[in-house]
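The values are calculated or read from the model by the stated rules, or taken from the named source; none is laboratory data. The model shown is predicted, which means the values in this text are computed figures rather than measured ones. Note that each Cβ is placed from the backbone with ideal geometry, even for glycine, and that neighbours are counted across all protein chains shown. We work out accessible area using only protein heavy atoms, side chains counted, and drop any ligands, DNA or RNA first. Shrake-Rupley method; radii C 1.70, N 1.55, O 1.52, S 1.80 Å.
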Amino acid sequence: MSQSPLPADTRPPAGDPAPLLVVDDLRTEIHTRRGDMKAVDGVSLTLNAGETLGIVGESGSGKSVLGRTIMGLYTTGATMTVSGRVLMDGTDIHALTDAGRRELWGSDVGMVFQDPMSALNPVKKIGLHLTESLRRHGGLSRAAARARAEELLRLVGIPEPGRRLGQYPHELSGGMRQRVVIAMALANGPKLLIADEPTTALDVTVQKQILDLLGRLQAELGMAIILVSHNLQVVAGRANRVAVMYAGRIVELADADALFAAPRHPYTEALLSAVPRLHHPPHSRLEAIDGSPPDMVAPPQGCRFAPRCRYAGDDCRQVSPRLLSEAGGDAARAFACHHPVRPVNAGGS
Amino acid sequence: MSDIVESTGPAEGGSRPGDGADHLDHVRPRGVAGTAGRGSTGGRWGTARGPRPRHLSWSGLGLAVPGIALTAVSPTVLPAPGWVCFLAFAAGLAVAYAGVARLCRGAFGGSFDLMFWLCLVWLVVLVLAALLAPVLPLGEYRDIAKTIEAPAMAPPALFSEHPLGTNNFGLDLLARIVYGARASLLVSIGAVAIGMVVGGAIGILAGFFRRLTDTVVGVFTNSLLAVPPLILLIALGTVLEPNLRNIAIALSLLALPSMIRMARAGTLTFAQREFVLAAKAMGASRWRVMVRELLPNVLLPLASYGMVIVSVLIVAEASLSFLGLGIQPPDPSWGNMIAEGEGNAFQDHPHIVLVPGVTLFLTVFAFNLIGEKARKRWDPRQAKL
Ligand SMILES: Nc1ncnc2c1ncn2[C@@H]1O[C@H](COP(=O)(O)OP(=O)(O)O)[C@@H](O)[C@H]1O
Ligand code: SF4
Ligand SMILES: [Mg+2]
């Protein structure tokens, strides 16, 4: 088994700086007509400054809801209930007032969205998209904000940035628009960037450019990134650690290299074997896993993957497995399974 | 994929000749439209890439000249019964239109929509005339003491002192049309503006906050719609003094429900787009999201729908005035001018009704056509993104 490039431990040893982000038993219930949907159901994780965490899982597994709840965009209100804690630099995001959270958004945390077509306001010029938050958070003058906006566009690799400021979103290609969205998220130098499927809506050739851009920006600016994707290949080679989500829970959390080399959770194994190539037609890749995710309004008892799992036994349908590290195994790695996949190459550690 | 969506710009240009044909089908036979389209610019891309330079369309000229001649001659010179004159007039108008349309497509490119420009010119002339009425050299429109000498019920004669004729008090009809336009346009545009501001605000709030706000607004809108408009107006007309402001406020109630619905539907559509979440994620307050993100998107479809509503309200105002509940004579309004044709006046002096009637028709038609065109362009359901 290959070694990971960074310290692998999820819980940094004493003496290390506290992690940038701590998510503790986060639950997001969305109240729907059919009942309460447990879109995120007890997620815990940590993220160090400058680190990249990949979150993967089939669509509908709750990745977007998790990202938005971490950010505090989804809070307890009329349509949903959030419990658990999200500590950003030690501050509980969900304990803040609305105004306090707004202060955080666009400055300490930035978000990149899936669809650059709809993430930009069609009737606002590119310049205004950028300068609004620069002026609000940074208190910059009109001219200074414009200069900074131009600089940001240059940073994300947009040619002729001065001219782009005066253009409308529909005048730009999809890839260029996504670069603008990234520039918006970076405007005030965030410590954490949440990129929710940043390449899913883009052409295959553009996907790689955008992912490379995120990597370069991280190297230059040093922010932590949560990279969300339904596609393991997007995360491969870019995330330090990967969390695999299924039905609102993390089912496996490990160093990226270790995870790709030898998945321990049957769902991770199935995802991996279902993703042979990057240039696969979209939406065809997960068909290799039979069946569909459970109904999150009334999830089945026991392991939620059991109906689709080829290792499932009777115990799986009774007792829900917990996310644990293996005794005597890799401490940085945890999975939630009664009958984990044997590592192919047992001599890894 | 992104590229396909982006290319809506040119594709839209390409669809324009078709759009034009929709409106013009009843005037211009398809065959003519087809050949003209091919002949003038080679089709799909309209002016943007038209390979054929500007040119003089001889077939257009051949249609336009006799058409205009027939139109000019038929009402006066033709020695035939009235209905023949009328048919000749209509035929002349149609032929002239077809010819001029060809000429214009030759001169300005294949996507030139003559009807649209005619409507626009009509509205611009009307608005200018209404604005400038006091300084225009118009006849007496209101004070019958000054028209004792003037001929009563004079028929229209273009180059006389009274180009559109006079009414039974000898008041000049052209002047009354222009001053009537002031009342009609002021009242209906004012009513639409009130409806747009109030309805737009209510609709955006309802669409944004949903839940209780939405329910309350829904009940309000539905109850407003449940009252037949004319009855509502007549009821209001009996309690309110019929001045311009009150009529505008009363008419704005007619515009309100549809404005609320438009704004609410647009808000629901746009609030789901990620740019609203993106704005929040950049730290924008709810107020800011509504004003800076939603309002500009909702405004365009609302304004273009407003154009269509203006035409409805012009008719509503005319109906009110016709019934004597709107603008009170001797102040002119197109509605009360038409009402002057009551009794035998219409048989003996058709121009009393025809002059305001045709003006009303043309204005409503123009607002409708331009409004529909704008609405097609800015419909939220097909907004280009
Ligand atoms: N605003 C919402 N209202 C109702 N259900 C929602 C809402 N947002 C997400 N969901 C549901 O929550 C589940 C998780 O969704 P999501 O987080 O978007 O999945 P992913 O991003 O992994 O594809 C899905 O079943 C989805 O239908
Ligand atoms: S707990 Fe059982 S059903 Fe669930 S993944 Fe493991 S083996 Fe499969
Ligand atoms: Mg998602």
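Of note:
- The listed residues are A:GLU220, A:GLU171, and the only one of them that is out of contact with any Lys or Arg (no Cβ under 8 Å at 6 or more places or on another chain), open to solvent by 30 Å² or more (accessible area, probe 1.4 Å) and within 22 Å of A:LEU104 (Cα to Cα) turns out to be A:GLU220.
- Search result, residues across segment A:68-77 that are open to solvent by 10 Å² or more (accessible area, probe 1.4 Å) and away from chain B (no Cβ under 11 Å): A:THR75, A:THR76
- Residue count for segment A:241-268 satisfying the condition of being open to solvent by 10 Å² or more (accessible area, probe 1.4 Å) and touching a helix residue (DSSP H, G or I) at 6+ places or on another chain (Cβ under 6 Å): 2.
- A:ILE194 being within 14 Å of the chain's Cα centre (by Cα) and within 16 Å of ligand 1 (Cβ to nearest atom): yes
- In segment A:181-191, the residues that are surrounded by 23 or more Cβ atoms within 10 Å (Cβ to Cβ) and more than 9 Å from every other protein chain (Cβ to nearest Cβ): A:ILE182, A:ALA183
- The residues in segment A:289-318 that are within 16 Å of ligand 3 (Cβ to nearest atom) and open to solvent by less than 40 Å² (accessible area, probe 1.4 Å) can be counted, and the count is 1.
- Looking only at segment B:350-385, and only at residues there that are touching a Pro at 6+ places or on another chain (Cβ under 8 Å) and open to solvent by less than 60 Å² (accessible area, probe 1.4 Å), the one that is modelled with the highest pLDDT: B:VAL355
- Count of residues meeting criterion [outside any helix (DSSP H, G or I) and within 29 Å of B:LEU186 (Cβ to Cβ)] in segment B:101-132: 1
- A:ARG136 meets all of the listed conditions (1) open to solvent by 50 Å² or more (accessible area, probe 1.4 Å); (2) away from chain B (no Cβ under 11 Å) but one, namely (2).
- Being closer than 23 Å to A:LEU324 by Cβ, open to solvent by less than 50 Å² (accessible area, probe 1.4 Å) and within 14 Å of ligand 3 (Cβ to nearest atom) holds for only one residue in A:VAL65, A:VAL86, A:VAL43, A:VAL56, and it is A:VAL56.
- Residues of segment B:324-339 that are assigned to a helix (DSSP H, G or I) and closer than 17 Å to B:ASP143 by Cβ: B:ASN336, B:MET337.
- Test: residue in segment A:261-277 that is within 14 Å of chain B (Cβ to nearest Cβ), within 16 Å of ligand 1 (Cβ to nearest atom) and at pLDDT below 90: no
- Some residue of segment A:319-342 being within 13 Å of ligand 2 (Cβ to nearest atom), open to solvent by less than 20 Å² (accessible area, probe 1.4 Å), touching a helix residue (DSSP H, G or I) at 6+ places or on another chain (Cβ under 7 Å) and closer than 21 Å to A:LEU259 by Cα: yes
- The set of residues from segment A:63-111 being in a helix (DSSP H, G or I) and either touching a Lys or Arg at 6+ places or on another chain (Cβ under 6 Å) or within 16 Å of ligand 1 (Cβ to nearest atom) (or both) comprises A:LYS63, A:SER64, A:VAL65, A:LEU66, A:GLY67, A:ARG68, A:THR69, A:ILE70, A:MET71.
- When the helices (runs of 4 or more DSSP H) confined to segment B:225-286 are screened for residues that are open to solvent by 30 Å² or more (accessible area, probe 1.4 Å) and away from chain A (no Cβ under 14 Å), those reaching at least 2 such residues are found at B:229-239, B:244-271.
For every residue, the table says whether it meets (1) at the interface with chain B (Cβ under 9 Å from one of its Cβ atoms); (2) not charged (D, E, K, R).
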| position | (1), (2) |
| --- | --- |
| A:TYR168 | no, yes |
| A:LEU172 | yes, yes |
| A:ASP196 | no, no |
| A:THR205 | no, yes |
| A:ILE210 | no, yes |
